[in-house]
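Visitor: Below are the structure tokens for one structure; questions will follow.
The values are calculated or read from the model by the stated rules, or taken from the named source; none is laboratory data. Here the structure is a predicted model, which means the values were calculated and not measured. Ideal geometry is used to build each Cβ from the backbone, glycine not excepted, and the neighbour counts take in all protein chains shown. Surface areas here come from the heavy atoms of the whole protein model, side chains and all, with no ligands, DNA or RNA. Shrake-Rupley method; radii C 1.70, N 1.55, O 1.52, S 1.80 Å.
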Amino acid sequence: MRLAQLEAVTESLLFIAGEAVPLATIAQTIEMDQATTKAIVQALADKYEQEQRGLRIVAYDGAYQMCTAAECFSYIRSMYKSPQRQGLTQALLETLAIIAYKQPITRGQIEEIRGVNAEHAVNKLMERKLICEVGRMNAPGKPILFGTTDDFLRYFGFRSVQELPPLEEPLQSEDMGIEE
């Protein structure tokens, strides 16, 4: 296949998938090695960016997805007259942060950290597909382990959880001017 055909096929795969496609899957489909495939995808992404097209190709933790350009969002929203994306409450943000930094984590562990019941927050985050079940803990009752999803990465603009900002060090008693 010529380069133009490889780009066309890759573009089609990303468009039709509607979600992030692993590099290995693209490479296998176009029958190329991963390094060549990555170069093809990056060349396509660069073209979309340089030409200021309405679509973009975004990398997410070893996978690629075709999405609309951020600068087109207000027009898309206007066309579909959909309400603006609902924000996350403080409780949801706190719960999501705990899950993002401590994953995999059980609801009981979340509740221990937050000091309040987390059932509602976990259910809401699952409804919004920001978290999902990633397994079961090998403990009595086999509690569900939760982790973040690709939707979480897209929502906050990360390519992987490794891009999360580092946690600040907890305050020590001398930092707060407390004498022991």
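Visitor: Take peptides 158-168, 42-52 and line them up by average Cβ neighbours within 10 Å, highest first, as a rough protection proxy.
Guide: 42-52, 158-168
Visitor: Would you calculate a helix-derived [θ] at 222 nm for the chain, using -39,500 (n - 2.57) for each DSSP H run of n ≥ 4 and dividing by the full residue count, to the nearest 500?
Guide: -14000 deg cm²/dmol
Visitor: Further, regarding this structure: With Rg and Dmax of the Cα atoms in Å as the read-out, I listed (1) 20.8, 73; (2) 22.3, 83; (3) 16.9, 62; which label goes with the value calculated from this structure?
Guide: For Rg and Dmax of the Cα atoms in Å, the calculated option is (1).
Visitor: Counting heavy atoms of the protein chains only and a 1.4 Å probe, report the per residue accessible area for segment 31-114 as a whole number of Å².
Guide: Value for segment 31-114: 66 Å² per residue.
Visitor: Using alpha carbons only, how many degrees (0 to 90, rounded to 10) separate the axis of helix 90-102 from the longest principal axis of the chain?
Guide: 80
Visitor: Follow-up question, since we're still on this one. Would you work out the relative contact order for the chain, in percent, from Cα pairs under 8 angstrom that are 6 or more residues apart?
Guide: Relative contact order comes out at 15 percent.
Visitor: Next question, about the same structure. Please work out the FRET efficiency for the pair Tyr155 and Met79, using the Cβ-Cβ distance as r and a Förster radius of 25 Å; give the result to the nearest 0.05.
Guide: Efficiency for this residue pair is about 0.70.
Visitor: Here's another thing I want to ask about it. Choose one of Thr36, Val116, Thr95: the residue whose Cα lies farthest towards the positive end of the charge dipole of segment 25-142 (beta-carbon charges +1 Lys, Arg; -1 Asp, Glu; about the Cα centre).
Guide: The Cα lying farthest towards the positive end belongs to Val116.
Visitor: Suppose R0 equals 45 Å; then what is the FRET efficiency for Met137 and Ala4 from their Cβ-Cβ distance, rounded to the nearest 0.05?
Guide: In this case the efficiency is close to 0.35.
Visitor: Right, next: For Glu119 and Glu163, what is the calculated FRET efficiency with R₀ set at 22 Å and r taken between the beta-carbons, to the nearest 0.05?
Guide: The formula returns an efficiency of 0.15 here.
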